[in-house]
Amino acid sequence: MAAVAVARPSEHGFSQPTSSAGLLAMLDEDESVLQVYALKQLNRIVDEFWAEISAEISKLEALYEDEGFEERELAALLASKVFYHLGELDESLTYALGAGPLFDVSEESEYVQTLVAKCIDQYVELSVKANESKEKQPPLDTRLVAIVERMLNKCITDGQYQQAVGIALECRRLDKLEEAITKSDDVPALLAYTLRVSQTLVNRREFRHEVLRTLVKLYTHSGSPDYINICQCLMFLDDPAGVAAILDKLVKGDSDDALLAYQVAFDLFENEFQQFLLNVRDRLPDPRGHAEAGHPPAEGAESTPPAEGATAAADATASASAALAAEAKDEASAMEEDTGAAESHAPAIEGLGDLPIATYAERMTRLKGVLSGETPINLALQFLYSRNRADLLVLKNIKGAVDVRNSVCHGAIIYANGLMHAGTTVDTFLRENLEWLSRSTNWAKFSATAGLGVIHRGHLQQGRALMAPYLPQNGVSGSPYSEGGALYALGLIHANHGESIKTFLLESLRNTTNEIIQHGACLGLGLAALGTANEEIFEDLKSVLFTDSANAGEAAGIGMGLLMVGSASEKAGEMLAYAHETQHEKIIRGLALGIALVVYGREEEADTLIEQMTRDQDPILRYGGMYALAMAYRATANNSAIRRLLHFAVSDVSDDVRRTAVMALGFVLCSEPEQCPRIVALLAESYNPHVRYGAAMAVGIACAGTGLTAALDLLEPLQKDPTDFVRQGALIATAMVLIQETEARQPRVAAFRKHLDKVIGDKHEETMGKMGAILAAGILDAGGRNVTIALRSRSEHDRVTAVVGMAVFTQWWYWYPLAYFLSLTFAPTALIGLNGALQMPRLEVTSAARPSLFAYPAPLSDKKEEEVKKVPTAQLSTTARAKTKAKKDAAEKAEKGKEAIEKVGAKGGKKEEEKEGGDAMEVEKEPEAKKVKKEKEPESEVLSNPARVIPAQEKYVRFPEGSRYAPLKKVAAGWVLLKDLKPGEPEELVSQHAPAEQGAAAAPAAAPAAAGGAAAAADEDEPPPPEPFEFVPQ
Amino acid sequence: MAREVEMADAEKDAAPSATAPATAATVQPEDPEKAALADLTGAVSLIERSVEQKEPRFVTRALRQTAAAKKKITPKVLRNFAHTFPKQLEVGSVLTQALQSEPSSTQADGVPSTKDSVLPEVEIYGYLVGLVFFIDQKKIDVAKTVANLAIKRIQTYNRRTLDSIAARVYFYFSLAYERSNELNTIRATLLGLHRTATLRHDEIGQETLLNLLLRNYLHYNLYEQAEKLRAKTQRPETSSNQQLSRYLYYQGRIQAIQLEYTDAKECLLQALRKAPQSAKGFRIACTKWATIVRLLLGEIPERTTFIQPGLREALKPYFELTNAVRIGNLELFHDAAEKYGAVFQTDKTSNLIVRLRHNVIRTGLRRINLSYSRISLKDVGLKLGLEGTVEDIESIVTKAIRDGGIDATVDHAKGFVQSKETGDIYSTVEPQSAFHSRISFCLNTHNEAVKAMRYPPGSHKGDLETEEKRRERQQQEQDLAKQLAEDDEDEF
């Protein structure tokens, strides 16, 4: 523009005017000719003399208002320009619109650009207002609309489709959005872009749904529909019928389509939206071969094991501690049943040879298996079990360092063990320390029993059998604490997939009046029936609530919330009413959390309820209001929610409310972890320890599993806070942030582990801090070092179970057993490749990064412990990497040695194992691959199916060229269906070691973790007479 | 740096002998040349760091360094510097071409850059260095072409990190045109740039350009235009001290012309206070205007104003003028005005000095009024050196009385002036208001000083107490509490 201005002085007739006063005076003339002339001249020089003209702006306005004046539009244009120079853009826009055609949108000047931008802003504001308010808005200025549309069309014709999509979304113009997408040259890419943008940037739920509906429409009309994305959209829209129709269509297609159907199902499963998945499943047609082609194992588990479990338990001794040992036996018998199930589909695959020529029914059964969670959970379980790398020595050291009489720390170790082995089915630590374990009494016993549920999480078939010893047998019940714990454990095992266990839990709840058992059953039911909104269960929970007993009522409140997650039903009103009635704080707190869960993900819809709760006189209900905000706006980074939370964080009179408000920020911001440390940075320096604690947890929640340096910077000073519980929170949060981080990527891991050891061993440290450190150690190595904390799935959608789990976990502040809810947030970091029969074929993928970047932490060695007593669990230091490598090698050798011993032992083992073993022998070549890795540090490594691929590693993982299998989706993580490119050849399958064989599971799993001596010592400690081994050849 | 050039500029007006900056630098041994190049490249890396860390402080430092190094820049240094830019960028070739006219054997000995691209900030910095060099070398035409190219490049970018460098370029752009007396041709460009800067919230650019525009208008005595522009533009809140003092200076000048002497005085004095000590030229110009405005207000500046080291020579005409006003001697005043007429003409203060005559008379009257309780009008005329009839003198005196200049009555019949008794000033609120204005000035200064302080982020985190110290402290607190409790018990 300036360049234009430079040229101007020579343009007009009189050279270098120094004032526009003459022209301005001409505006007062009566002759309109003169006025028009003055206007024209002024319009030319306005950029230079606007300051002078602005004094006479009223004259211009008057000319524009004058209906009789023929050049009104010119006056408007001039007025607009003057206002523009004065910085009054609103006025300027009004007059520019008044200038009609004289305001040339295509002009390249700064004036026009600024005003067009302003125009779009105003249009966006008006149309958003029109969309959001219920009452009728006055129609938009047509001139405004015309300009915006002109800009949109210009974007489209210029090929700037992404911009067009962006503006269309901002303006809420679905018609333009559609036009932009259909006219673009790369429709699929733009659709994907729109999907991503709509998920992240459209912050109003209703409109987002409209966009999604449009997208589905566009997707289906496009030439080659992207079913994966369509189904994602449909899931967001909660349209099970649509998904079912698509899946059915795909299953009826050729084998590739069937693969795609499975992939869609797996992807849907990843979002863990139980109710939706079940709805889809129920809408799929009943395959004719349902009965013969391998009944769904879930039903099998329901029908058979109770009897078996009961008998096995009857054989076992009655005492609680002995029962743990008896479990092995129990499972041995349960295993038979499992082998039977395996046999039922094994012949089908073997008979088919290389290519699964699946019938419709077969495919449908498989699909339903996936949708019900059966197959994926099973696969994940196998992965976690076979790759378990939890280091028992860590626990042993903690156990040694902590005072035995300190019951809180004692309990914390049990929790840590549970988390560390979550989903791995390895309970060796408990077995080895039965006497120590028996110190848990009362509620500690409850937690100890419930811990088994975490360890066996996802062990759907065996869940009942595993817990049988603690449940009433033949009508005789043992301790109510262990019984309640067992019910809670069953809930944890079946969390979010509890169809098979629901009835049992419900019966247990009905058959008891003991509040401890009720407590366990309520939690268990809530977990198992998560989000199903089952009326019957709700009524039962309500009747427990109305008994007005504190413990049972609290659990009932939480259970109701879990049951109704995201339903936003009017039941919340009932709950709120009762919360006002009751005198028990525990019940109010349970209900408050429950109500918060009910409005999960409802965003603006929940505002009325949130308002009601946050204005309540009772601080506990306000506290629930904070949770409601967190749940309703989870992972949205919604500005209004953040503003409200920050307001409460600094202004509420109750510490609890303030703490929760800050913590809730973590939930809201978990979609943008980078933002969170910045937003809570000031709060982390608050004088109020509760606020500091909240800040630590917020960062832990939002940045979980990211290893963000900013987050660690914030947490580090908090770990040394003067207040004990702040230290506790900071330690736990740091562990959450650092989960699965390796030293190669984040050097602070080593320092943190060292710090944990120091805190645990420090006799001056308060119990609270110690407890935090113990839990942190558990979280750091969670799930056998094979899981991460993921509140969002790979499709960037929130995982309901995980977010809910995290929310309830934060309640452990009041009630320790709730700490187990953290296990719901764990997501196995696995790449599981599957063929058409949903089996894992032999497959190798390459990870184009140094192996040490993503390796497991090195196991601790016993020797080192003897040398340096003070810091027994000291990890490798970054400086002495060579030493570490040597140590690793040593450990590796020890491991191999151990395995050799096992092999020998296995020969003497049970003969019935052998037929499974034959299968296993084929492919367990993993140690060899590892050995290659350790000899030199190559730039890449080869991973075999199922592979541990941690989130940061995903981008390095490639399917090798020329491989037999081609993946159906690009992301190399999670469950990936593989297209067989050479269907004729025989397939090599990865052995499926089912973790059912408990005795066997314990020993080999312990072996890689505890090196040589320790494992041997463990063996001596406890020689269970008929120890079944799994045959694990080299 | 900007200040220094203006200083040099103003100094040249006042005392032409004081200028001789860069000319001597051409005949220097090789070492300083290398040092100069090192300074320039150092500044470049500072700029890069600043952009990377989004920390504007480093750019400021880089510009300061350049100001220090500019006297050492020779054609050779510049040529070498130009070679550090990648080939596809215009800046390198522009500078080299501009140097073609240099009668020197200076071939670039540096290795041409292999870099593919540099930051836009660095590119513009390259232009800036060239621009400064050519202005210092009095190669105004070359400077103008470089400046135009630089401005064109700046307009293609929209980066906030570029702002402070761009502001410097604007300044030298304007300076180059001022030197060639073509300021009016760039007014439209400056207005355009100012608009752009305002829209982009480029605050430093906005301030600089507004000042340049005011300077531009005032150069042509377009006071009205300048005032209109000044009144209609919003100044950004956070402003650099230097730009603010210039702005105040221009504002003071405009107000002085528009008869708003009180405001003008405030502005000019504020500008003087804000101006850095090293900016001698600016301070001289400012003091001149402030002196005139104060005289017009009937105040007499202290003698110390005129005998400040370095300013004495330049302020001599004004000193004599002040003296004349102080005494109230018209004759002396006319002499001074005549003697230094040319100086006042270049200072653009002569039209104000014409207005002063009236003040001289009034000051004289006041002196008479204080000395005599009664004096005849004729004597008044004689004492003031006024020519004219008694009627004329009477009208002058009555006007002075009506304006509140003197407190007296005129006896028309007898033809004399009768002074009134002066009251006790300490019985009025006058001292209080004087105190008030001083106190508020001190408070303002204090507040501004506090605002100007910089708190480095995170500096308070360093002194976290360690666990051991904490335990120690807690132990001590407990002991103290116990002791207090025991003391309490003892008392009962």
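Can you name every residue in segment A:373-392 that is among the aliphatic types (A, V, I, L, M) and over 12 Å from A:A422 (Cα atoms)?
We begin by selecting, within segment A:373-392, every residue among the aliphatic types (A, V, I, L, M); these are A:377, A:379-381, A:384, A:390, A:392.
Residues satisfying the conditions are A:I377, A:L379, A:L392.
Give segment A:545-570 a look and list any residue that's open to solvent by 10 Å² or more (accessible area, probe 1.4 Å) and over 18 Å from A:Y627 (Cβ atoms), or say none.
The answer is A:F546, A:T547, A:D548, A:S549, A:A550, A:N551, A:E570.
B:A271 fulfils the conditions (1) in contact with a Leu (Cβ under 7 Å, 6 or more places away or on another chain); (2) in contact (Cβ under 8 Å) with a residue 12 or more places away in the chain; (3) within 14 Å of chain A (Cβ to nearest Cβ); (4) not aromatic (F, W, Y) except for a single criterion, (3).
Of all the listed residues (A:A641, A:A704, A:A635), the sole one being assigned to a helix (DSSP H, G or I) and either under 24 Å from A:L775 (Cα atoms) or outside the structural domain of A:D721 (by TED's automatic domain parsing) (or both) is A:A641. With A:Q746, A:Q740, A:Q719, A:Q728 as the choices, which residue is touching a residue at least 60 places away in the same chain (Cβ under 8 Å) and either out of contact with any strand residue (DSSP E or B) (no Cβ under 6 Å at 6 or more places or on another chain) or crowded, with 24+ Cβ neighbours inside 10 Å (or both)? The unique qualifying residue is A:Q740. Put simply, of A:R204, A:R196 the only residue that is modelled with pLDDT of 80 or more and charged (D, E, K, R) is A:R196. The set of residues in segment A:50-63 being within 14 Å of A:Q35 (Cβ to Cβ) and within 59 Å of the chain's Cα centre (by Cα) consists of A:E61 alone.
Yes or no, residue by residue, for (1) more than 21 Å from A:V804 (Cβ to Cβ); (2) open to solvent by 10 Å² or more (accessible area, probe 1.4 Å); (3) at pLDDT 85 or above; (4) part of a helix (DSSP H, G or I):
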| site | (1), (2), (3), (4) |
| --- | --- |
| A:G478 | yes, yes, no, no |
| A:Y481 | yes, yes, yes, yes |
| A:Y488 | no, no, yes, yes |
| A:L492 | no, no, yes, yes |
| A:N496 | no, no, no, no |
| A:F504 | yes, yes, yes, yes |
| A:E507 | yes, yes, yes, yes |
| A:T513 | yes, yes, yes, no |
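Per this entry, B:L259 is counted among residues that are more than 11 Å from every other protein chain (Cβ to nearest Cβ), at pLDDT below 90, open to solvent by 20 Å² or more (accessible area, probe 1.4 Å) and more than 12 Å from the chain's Cα centre (by Cα).
I'd like the residue in segment B:204-246 that is small (G, A, S) and within 11 Å of chain A (Cβ to nearest Cβ) and, out of all such residues, is least open to solvent (accessible area, probe 1.4 Å).
Of all residues in segment B:204-246, those small (G, A, S) come to B:205, B:226, B:231, B:239-240, B:245.
From what's left, within 11 Å of chain A (Cβ to nearest Cβ): B:226, B:231.
On the way: B:A226: 0, B:A231: 65 Å².
Per the criteria, the residue is B:A226.
Of the residues making up segment A:585-623, those that are open to solvent by 40 Å² or more (accessible area, probe 1.4 Å) and in contact with an Asp or Glu (Cβ under 7 Å, 6 or more places away or on another chain) are A:K586, A:P619. Looking only at segment B:187-203, residues that are more than 7 Å from chain A (Cβ to nearest Cβ), at negative phi and either surrounded by fewer than 23 Cβ atoms within 10 Å (Cβ to Cβ) or of a type in the set (F, W, Y) (or both) come to 2 in all. Tallying residues that are open to solvent by less than 100 Å² (accessible area, probe 1.4 Å) and either at pLDDT 90 or above or not in a helix (DSSP H, G or I) (or both) within segment B:454-471 yields 5. A:A99 satisfies every condition listed in (1) surrounded by fewer than 18 Cβ atoms within 10 Å (Cβ to Cβ); (2) more than 14 Å from chain B (Cβ to nearest Cβ) except (1). Taking the numbered list (1) outside the structural domain of A:D762 (by TED's automatic domain parsing); (2) under 34 Å from the mean Cα position of the chain (by Cα) in turn, A:D391 passes all entries but (1). Scanning segment B:153-186 for residues that are without any contact (Cβ under 8 Å) to a residue 40 or more places away in the chain, buried (at least 19 other Cβ atoms within 10 Å of the Cβ) and closer than 23 Å to B:H201 by Cβ returns a single hit, B:I154.
Can you tell me which residue among A:G458, A:G520 is in contact (Cβ under 8 Å) with a residue 12 or more places away in the chain and either in a helix (DSSP H, G or I) or touching a Pro at 6+ places or on another chain (Cβ under 8 Å) (or both)? Don't jump to the end; show me each part of the working.
Working: A:G458 fails: either in a helix (DSSP H, G or I) or touching a Pro at 6+ places or on another chain (Cβ under 8 Å) (or both).
After applying the criteria, what remains is A:G520.
For segment A:33-63, residues that are of a type outside the set (K, R) and open to solvent by 40 Å² or more (accessible area, probe 1.4 Å) total 8. Scoring A:L712 on the criteria (1) under 21 Å from A:L791 (Cα atoms); (2) assigned to a loop (DSSP other than H, G, I, E, B); (3) in contact with a Lys or Arg (Cβ under 8 Å, 6 or more places away or on another chain) leaves a single failure, condition (2). Residue-level check: of (1) more than 14 Å from every other protein chain (Cβ to nearest Cβ); (2) charged (D, E, K, R); (3) not in a helix (DSSP H, G or I), A:D721 misses just (1).
Do you know which of the residues in segment A:64-75 that are surrounded by 16 or more Cβ atoms within 10 Å (Cβ to Cβ) and not aromatic (F, W, Y) is nearest to the other protein chains (Cβ to nearest Cβ)? Residue satisfying both the conditions and the ranking: A:A75.
Given B:G404, B:G385, B:G364, which one is exposed (fewer than 15 other Cβ atoms within 10 Å of the Cβ) and either touching a Lys or Arg at 6+ places or on another chain (Cβ under 9 Å) or free of Cβ contacts under 8 Å to residues at least 60 places away in the same chain (or both)?
Values: B:G385 fails: exposed (fewer than 15 other Cβ atoms within 10 Å of the Cβ); B:G364 fails: exposed (fewer than 15 other Cβ atoms within 10 Å of the Cβ).
When all the criteria are applied, what remains is B:G404.
Against the test of being of a type in the set (S, T, N, Q) and closer than 18 Å to B:R357 by Cβ, the options B:N221, B:N323 yield a single qualifying residue, B:N323. Where strands (runs of 3 or more DSSP E) fall entirely within segment A:758-859, those with at least 1 residues that are crowded, with 24+ Cβ neighbours inside 10 Å and at pLDDT 90 or above are at A:787-789, A:826-828. Counted as qualifying within segment A:150-268 are the helices (runs of 4 or more DSSP H) with 1 or more residues that are within 30 Å of A:L97 (Cα to Cα), namely A:161-170, A:174-183, A:205-221. Restrict the check to segment B:295-318 and report whether at least one residue is closer than 23 Å to B:G404 by Cα, surrounded by fewer than 24 Cβ atoms within 10 Å (Cβ to Cβ), touching a Phe, Trp or Tyr at 6+ places or on another chain (Cβ under 8 Å) and of a type outside the set (K, R). Yes, there is a match, as at least one residue in segment B:295-318 is closer than 23 Å to B:G404 by Cα, surrounded by fewer than 24 Cβ atoms within 10 Å (Cβ to Cβ), touching a Phe, Trp or Tyr at 6+ places or on another chain (Cβ under 8 Å) and of a type outside the set (K, R).
The values are calculated or read from the model by the stated rules, or taken from the named source; none is laboratory data. What you are looking at is a predicted structure, and each value in this text was computed from that prediction instead of being measured. For neighbour counting, all protein chains shown are included, and Cβ atoms are generated from backbone atoms with ideal geometry for every residue, glycine included. We work out accessible area using only protein heavy atoms, side chains counted, and drop any ligands, DNA or RNA first. Shrake-Rupley method; radii C 1.70, N 1.55, O 1.52, S 1.80 Å.
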